[in-house]
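Trainee: Here it is, the structure, as structure tokens.
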Amino acid sequence: MRREELCLIALRRIMRTTELYGRDFGREAGVTAAQYRVLQTVAERHHVTAKQIADKLRVSAATVTALVDRLVQKGLVLRQKSLVDKRRTDIALTEQGKETLETAPDLLHQKFVKKFAALEEWEQAMLVASLERVATMVDAEDLDAAPLLDTGDIQRSN
């Protein structure tokens, strides 16, 4: 088999695994991986603004607004006026949101991060360089992407 075919097969396996894991995660956790990352960010900071979430996840404010809207609908977070600055709206976890965080399985990217951290520094650098080159080869270097292994639109509903 030619090397480019081996590369394409490896990429397809990554994409397929990500897709299947995301589907299973959503079924089990009741939220998408992106929604789960928002919940994690809110839990880390207790009361946080949409802008702070967007900065942390490296996505647009519009994306965070759509994700938070879905989480509010599901009763996992709530919007409330800041106790510090009444002009600001904070996002806080509900008890149901805390329970979702406690019972959800690990995200695929969390598994990746653990295994990546165990690699030698030179291996990490080589992988980053190779994957950045692949992103360039498929004209994806300018896409807005969060550090999250998930497929499809980050705003999609679940």
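Each value in this text was obtained by applying a stated rule to the coordinates, not by laboratory testing. No experiment lies behind these values; they were computed from the predicted model shown. Heads up, the Cβs are rebuilt from the backbone with ideal geometry, glycines too, and the neighbour counts pull from every protein chain shown.
Trainee: Below 12 angstrom from the Cβ of residue 56, what's the summed charge of the other residues (Lys, Arg +1; Asp, Glu -1)?
Mentor: Working: positive: 37, 45, 51, 58; negative: 44, 55.
Residues close to residue 56 contribute a combined charge of +2.
Trainee: Among the listed pairs 51/115; 74/115; 56/98; 74/98; 51/74, which have their C-alpha atoms separated by more than 23 angstrom in this model?
Mentor: Working: 51/115 30 Å; 74/115 33 Å; 56/98 19 Å; 74/98 13 Å; 51/74 21 Å.
In this structure, 51/115; 74/115 lie more than 23 Å apart at Cα.
Trainee: Going by average Cβ density within 10 Å per residue, which order do the peptides 130-143, 107-120, 19-32 take, highest to lowest?
Mentor: On the way: 130-143: 10.7, 107-120: 12.9, 19-32: 16.6.
The peptides rank, most packed first, as 19-32, 107-120, 130-143.
Trainee: Between the stretch 1-41 and the stretch 86-114, how many Å separate their Cα centres?
Mentor: 19 Å
Trainee: Please report the net charge: other residues with Cβ closer than 13 Å to the Cβ of residue 138, K and R +1, D and E -1. Can you show the working numbers first?
Mentor: On the way: positive: 12, 133; negative: 4, 132, 139, 141, 142.
Residues close to residue 138 contribute a combined charge of -3.
Trainee: When all alpha-carbon pairs of the stretch 24-90 are counted, what percent fall beyond 21 Å?
Mentor: On the way: 434 of 2211 pairs.
Pairs farther apart than 21 Å: 20 percent.
Trainee: Sticking with this structure for a sec: Mind grabbing the base-10 log of I(q)/I(0) for the chain at q = 0.09, 0.12, 0.17, 0.20 Å⁻¹? Debye formula, identical points on the C-alpha positions, no solvent, two decimal places.
Mentor: The computed values of log10 I(q)/I(0) come out as -0.35, -0.60, -1.07, -1.33.
Trainee: Go ahead and set up a Gaussian network model of the chain, Cα springs under 10 Å, then flag whichever of 72, 59, 128 fluctuates most.
Mentor: Judging by the Gaussian network model, the answer is 128.
Trainee: Hydropathy first: keep DSSP H helices in the chain averaging at least 0.0 on Kyte-Doolittle, then drop any whose Cα extent along the axis falls short of 15 Å, and list what survives. If you can, show how the numbers build up before the last one.
Mentor: Details: long enough: 3-29 (38 Å, -0.48); 33-45 (18 Å, -0.30); 61-73 (18 Å, 0.98); 121-137 (24 Å, 0.25).
The answer, listed by residue number, is 61-73, 121-137.
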